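Trainee: Handing you a structure now.
The values are calculated or read from the model by the stated rules, or taken from the named source; none is laboratory data. Note that the coordinates shown come from a computational prediction; the quantities given were computed from them, not determined experimentally. Reconstructed Cβ throughout: ideal geometry from the backbone, glycine too, with neighbour counts over all protein chains shown.
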Amino acid sequence: MGKIDRIAEPWGTRTPYGPGQEWPSRVDAFLEEGAAVERWVPSASILHSNGDALDIAVAGGRIVGVRGRADDRVNRGRLGPKDLYGWQAGRSSDRLARPLVRDGDRLVESDWDTAMDRIVRRSKELLDERGPGSIGFYTSGQLFAEEYYTLSVVAHAGVGTNHLDGNTRLCTATAAAALKESFGTDGQPGTYADIDHADVIALFGHNMAETQSVSWARILDRLAGPEPPALVCVDPRPTPVARAATVHLAPLPGTNVALMNGLLHQIIENGHIDREYIDRHVVGFDELAERVKDYPPERAAEICDVPAADIRRAAEVLGTARRLLSTVLQGFYQSHQATAAAVQVNNLHLIRGMLGRPGCGLLQMNGQPTAQNTRECGADGDLPGFRNWANDEHIADLARIWNVEPDALPHYGPPTHAMQILRYAEQGSLGMLWISGTNPAVSLPELARVRSILAQERLFVVVQDIFRTETAELADVVLPAATWGEKTGIFTNADRTVHLSEKAVEPPGEARADLDIFLDYAARMDFRDKDGAPLVKWHDPESAFEAWKECSHGRLCDYSGLSYARLRGPSGVQWPCNDEHPDGTERLYADGGFWSAPDVCESYGRDLVTGTPVEPGEYRALNPGGKAIVKAAAYLPPHEAPDADHPYALITGRTLYHFHTRTKTGRAPQLDAAAPEVWVEVAAADAAARGLAEGDLAEVTTPRGTVHAKVRVTGIREGVLFLPFHYGYWDRAPDGGHDRAANELTLTDWDAASKQPIYKTAAARIALAERGTGPSAAPTTTASAPLAAAGAPTSGGTAALADEQPGGTR
């Protein structure tokens, strides 16, 4: 070990280990050249959902690098490329440092009192004239739990609006929905440690190698060790996961339910089920068994356009696993029938009894570092503490904690999801939209529509961010926020591990922590509880965390056994952590006890086709004993399918080197250079049919618009095109950016149950726009690897040399 280019070698050096052994530690670090570190400040990764624990290096009041923490349960000291290099974005010279307010057709610098006075004045006008339903909030998956919880109190109990959601709606709403359908509540049953024990690991629509690169390094180390696990991969692209897989299934986009039904058909028919577990812990199995009879391998193969023999082989691997770990992500969540498909993965584990034991894990993964906190704290279209909006006792309990009357909390229906909030803004019933820590002008579908909505004169838009994003350009008021390393708070990763991130440096100029901004708004609005005291009773991160602990106490996501002092000790604690589980809880449902009883569950579920909520009485009749629920689903064709004019299925997604809309990673030199511009992936046969070659500039068109991107000829399945969605307009000329944003092409449609937008089933055509003069700049190290040699391999050179040291070195 030593210095290594972690752009060229994203997963680092192998440290092999066998089943049941502890993953060896390896400490990764990257420092600014010549940095003389004065102190190290504990934190965790902020550019993906893995939750890699790291320490921030500080010198001269500036962040100068990072290193992994060897004793952390999540990463054992390892860091991914975005961890190693992404911190540099916070030092960018174009950080927002003062509030901006709109003056005619431009934004001008202002001061905090002027900016907040405008927001408060408009808020009060709308509340007086049109009521709380005229105000909406749209937040992030990158703030801290203390900030989400405060925003939840402000929105639900202060303003009194039901219109509060997060951009977690775009990435992990289906994870939450699928868990609620099967287990009655959100919360990941499994743990990353299941990688250490599993003999089969199945990844459903989850390119872990690029989205959670440190966990993929953990799998690579298992594969390099004795008794490696078998891998099953479901993905239409030749991802690093697919290339390592024992069985790779590449279905047509939009057919995941048919594929899952085909796999379940084989597993049930071959008797690979745990009948005793089903009888004791599950309801709904008979309906599932009857439903999947309609999907023998030949029929599933015909729908999905994959070989029936591959379906049989995958089912045999899954059905005979002794310890099965499954993970699910955007390939299922952002596709047609999203919740129905993800639920079938839950069904796989329930009928096989693969829960609660080492190696028997299920992770409906998250996409952002604090997506779990957004959901837990009630800032994403749910209520805090996984409470049920349709359960009057849950509403009364929340009102007790906040000291308000139950009727003051809007619960006439489920909290409004992001796509519906946007529709209300389009129709004019929403007069104010406060956007914090996200960039919908690049990340939402059908961007021409999104821009037209946000630009309406009648809609008052507040943007709270660290850069002047594409969305900020459309705002009436822009508030400069502090980022990771410039504030304190906790965040929880995808396997329920809680980390404390400490403030390391001051934010630039007048920028403020998101918590301080929300507290300031609450004070200026003079929100009060039913006794006339201030509604929000905390004043800093630690007191906000103590308030959140009280709200979570007694619920599945119980933080009551945690404290800032505890989180400054041994690194990484998994909730629930309370008197019963003082050291945290590695796996949920080990005893077959679920949080699905009618009186405690977070949700009674929804119809997977229409999205209609299940009535409380219907749920009680179905599941009086609080068992896990096996929920069947029939395959339905996508709403938009390829046709003669648009013969290809377009999917969008991510690359290893960027996060969301590149507002941070595009400003980190090593990451930007690794993937500097948009590309389109095309199968060799499809490229030949359209007269396209590597590096040509192609025109990709759907019924909603056109994007220009350089061709990368890859092993992607025929009939499918792929565009990375990261590329917006901030680093392009004002009139030259719209032609590279993938979401110009995606459609306004969402899953009925989870309300997650559909980004992976659009119909498209592709044509030559201009002959290329060289290969695409797409990465060669990842799923975008070219079929044939295409220029120099992706590397970072000396600027990307990071340090790797054996475990124990700090």
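Trainee: With at pLDDT 95 or above, under 24 Å from the mean Cα position of the chain (by Cα), surrounded by 23 or more Cβ atoms within 10 Å (Cβ to Cβ) and closer than 30 Å to PHE386 by Cβ as the only criterion, which of ALA481, ALA472 stands out?
Mentor: Of the residues listed, the single one that is at pLDDT 95 or above, under 24 Å from the mean Cα position of the chain (by Cα), surrounded by 23 or more Cβ atoms within 10 Å (Cβ to Cβ) and closer than 30 Å to PHE386 by Cβ is ALA481.
Trainee: While we're looking at this one, here's another question. Could you say which residue among THR761, THR714 is within 29 Å of ALA173 (Cα to Cα) and of a type in the set (Val, Ile, Thr)?
Mentor: Answer to the selection: THR761.
Trainee: Go through (1) free of Cβ contacts under 8 Å to residues at least 40 places away in the same chain; (2) under 26 Å from THR665 (Cβ atoms); (3) of a type in the set (Asp, Glu) for GLU718 and report which single condition fails.
Mentor: It is condition (2) that GLU718 fails.
Trainee: Right, here's the next one. Among (1) in contact (Cβ under 8 Å) with a residue 60 or more places away in the chain; (2) under 19 Å from ASN743 (Cα atoms), there is one condition GLU426 misses while meeting the rest; what is its number?
Mentor: All conditions are met except number (1).
Trainee: Can you say whether ALA693 is in contact with a Gly (Cβ under 9 Å, 6 or more places away or on another chain), touching a residue at least 60 places away in the same chain (Cβ under 8 Å) and surrounded by fewer than 18 Cβ atoms within 10 Å (Cβ to Cβ), as far as the supplied structure shows?
Mentor: So ALA693 passes the test.
Trainee: So, one more: In this structure, does GLU677 turn out to be surrounded by fewer than 18 Cβ atoms within 10 Å (Cβ to Cβ), more than 30 Å from ASP382 (Cα to Cα) and in contact with a strand residue (DSSP E or B) (Cβ under 9 Å, 6 or more places away or on another chain)?
Mentor: Working: surrounded by fewer than 18 Cβ atoms within 10 Å (Cβ to Cβ): yes; more than 30 Å from ASP382 (Cα to Cα): yes; in contact with a strand residue (DSSP E or B) (Cβ under 9 Å, 6 or more places away or on another chain): yes.
Yes: the conditions hold for GLU677.
Trainee: Residue check: is GLU486 over 26 Å from the mean Cα position of the chain (by Cα) and either on the phi > 0 side of the Ramachandran plot or in a loop (DSSP other than H, G, I, E, B) (or both)?
Mentor: Here the answer is no, as GLU486 does not meet what is asked.
Trainee: Working only within region 190-208, note down all residues that are closer than 23 Å to ILE311 by Cα and either outside any strand (DSSP E or B) or free of Cβ contacts under 8 Å to residues at least 60 places away in the same chain (or both). Give the steps one after another, and end with the answer.
Mentor: Here is the first cut: in region 190-208, the residues closer than 23 Å to ILE311 by Cα are 198-208.
Answer for region 190-208, where residues must be closer than 23 Å to ILE311 by Cα and either outside any strand (DSSP E or B) or free of Cβ contacts under 8 Å to residues at least 60 places away in the same chain (or both): ALA198, ASP199, GLY205, HIS206, ASN207, MET208.
Trainee: Tell me, please, whether a residue that is within 31 Å of the chain's Cα centre (by Cα), over 20 Å from ILE758 (Cα atoms) and among the hydroxyl-bearing types (Ser, Thr, Tyr) can be found in region 329-347.
Mentor: Scanning region 329-347, I find no residue that is within 31 Å of the chain's Cα centre (by Cα), over 20 Å from ILE758 (Cα atoms) and among the hydroxyl-bearing types (Ser, Thr, Tyr), so the answer is no.
Trainee: Same structure, new question: Determine whether region 384-405 contains at least one residue that is surrounded by fewer than 24 Cβ atoms within 10 Å (Cβ to Cβ), touching a Cys at 6+ places or on another chain (Cβ under 9 Å), β-branched (Val, Ile, Thr) and assigned to a helix (DSSP H, G or I).
Mentor: yes
Trainee: I would also like to ask the following. Report yes if THR139 is buried (at least 22 other Cβ atoms within 10 Å of the Cβ), modelled with pLDDT of 95 or more and not assigned by TED's automatic domain parsing to the domain that holds GLN337, otherwise no.
Mentor: On the way: buried (at least 22 other Cβ atoms within 10 Å of the Cβ): yes; modelled with pLDDT of 95 or more: yes; not assigned by TED's automatic domain parsing to the domain that holds GLN337: yes.
Against the criterion (buried (at least 22 other Cβ atoms within 10 Å of the Cβ), modelled with pLDDT of 95 or more and not assigned by TED's automatic domain parsing to the domain that holds GLN337), THR139 qualifies.
Trainee: Additional query: Six or more apart or on different chains, Cβ atoms under 8 Å: show the pairs whose first residue is in region 589-618 and more than 20 Å from GLN188 (Cβ to Cβ) and whose second is among the basic types (Lys, Arg) and part of a loop (DSSP other than H, G, I, E, B).
Mentor: From region 589-618, the pairs are LEU608/LYS631; GLY611/LYS755.
Trainee: For region 496-523, give me the residue count where each residue is crowded, with 23+ Cβ neighbours inside 10 Å and either within 19 Å of SER563 (Cα to Cα) or modelled with pLDDT under 95 (or both).
Mentor: Within region 496-523, residues that are crowded, with 23+ Cβ neighbours inside 10 Å and either within 19 Å of SER563 (Cα to Cα) or modelled with pLDDT under 95 (or both) number 7.
Trainee: Still on this structure: Show me the helices (runs of 4 or more DSSP H) entirely contained within region 90-172 in which 2 or more residues are under 25 Å from the mean Cα position of the chain (by Cα) and touching a residue at least 60 places away in the same chain (Cβ under 8 Å). Explain how you work it out, then say what you get.
Mentor: On the way: elements: 112-129, 145-152, 168-171.
Helices (runs of 4 or more DSSP H) meeting the threshold: 145-152, 168-171.
Trainee: Since GLU298 meets every condition but one in (1) free of Cβ contacts under 8 Å to residues at least 12 places away in the same chain; (2) more than 28 Å from the chain's Cα centre (by Cα); (3) within 30 Å of THR655 (Cα to Cα), which condition does it not meet?
Mentor: Result: GLU298 passes all but (3).
Trainee: For region 327-334, indicate whether the set of residues that are at pLDDT 95 or above, surrounded by fewer than 17 Cβ atoms within 10 Å (Cβ to Cβ) and either under 24 Å from ARG654 (Cα atoms) or out of contact with any strand residue (DSSP E or B) (no Cβ under 9 Å at 6 or more places or on another chain) (or both) is non-empty.
Mentor: If we filter region 327-334 for residues that are at pLDDT 95 or above, which is where we start, we get 327-334.
Next, only the ones that are surrounded by fewer than 17 Cβ atoms within 10 Å (Cβ to Cβ) stay: none.
Among the residues of region 327-334, not one is at pLDDT 95 or above, surrounded by fewer than 17 Cβ atoms within 10 Å (Cβ to Cβ) and either under 24 Å from ARG654 (Cα atoms) or out of contact with any strand residue (DSSP E or B) (no Cβ under 9 Å at 6 or more places or on another chain) (or both), which makes the answer no.
Trainee: Continuing with the same structure: State all residues of region 601-657 that are of a type in the set (S, T, N, Q) and either in a loop (DSSP other than H, G, I, E, B) or in the same structural domain as ARG237 (by TED's automatic domain parsing) (or both); if no residue qualifies, say none.
Mentor: Matches in region 601-657: SER603, THR610, THR612, ASN623, THR655.
Trainee: Identify all residues within region 489-516 that are within 24 Å of the chain's Cα centre (by Cα) and either in a strand (DSSP E or B) or of a type in the set (A, V, I, L, M, F, W, C) (or both); write none if there are none.
Mentor: Passing the criteria: GLY489, ILE490, PHE491, THR492, ALA494, THR497, VAL498, HIS499, LEU500, SER501, ALA513, LEU515.
Trainee: Look at LEU362 and say whether it is of a type in the set (A, V, I, L, M, F, W, C), more than 30 Å from ASN162 (Cα to Cα), outside any helix (DSSP H, G or I) and touching a residue at least 12 places away in the same chain (Cβ under 8 Å).
Mentor: Against the criterion (of a type in the set (A, V, I, L, M, F, W, C), more than 30 Å from ASN162 (Cα to Cα), outside any helix (DSSP H, G or I) and touching a residue at least 12 places away in the same chain (Cβ under 8 Å)), LEU362 qualifies.
Trainee: Residues of region 47-78 being surrounded by 24 or more Cβ atoms within 10 Å (Cβ to Cβ) and either among the polar types (S, T, N, Q) or not in a strand (DSSP E or B) (or both), which ones?
Mentor: Matches in region 47-78: LEU47, HIS48, SER49, ASN50, GLY51, ASP52, ARG69, VAL74, ASN75, ARG76, GLY77, ARG78.
Trainee: Considering each residue of region 131-161, count those that are within 24 Å of ILE395 (Cβ to Cβ) and out of contact with any helix residue (DSSP H, G or I) (no Cβ under 7 Å at 6 or more places or on another chain), and give that number.
Mentor: Of the residues in that region, 4 qualify.
Trainee: For region 698-795, give me every one of the strands (runs of 3 or more DSSP E) that falls completely inside it and has 2 or more residues that are more than 21 Å from the chain's Cα centre (by Cα) and over 27 Å from VAL241 (Cα atoms).
Mentor: Hits in region 698-795: 705-714, 762-770.
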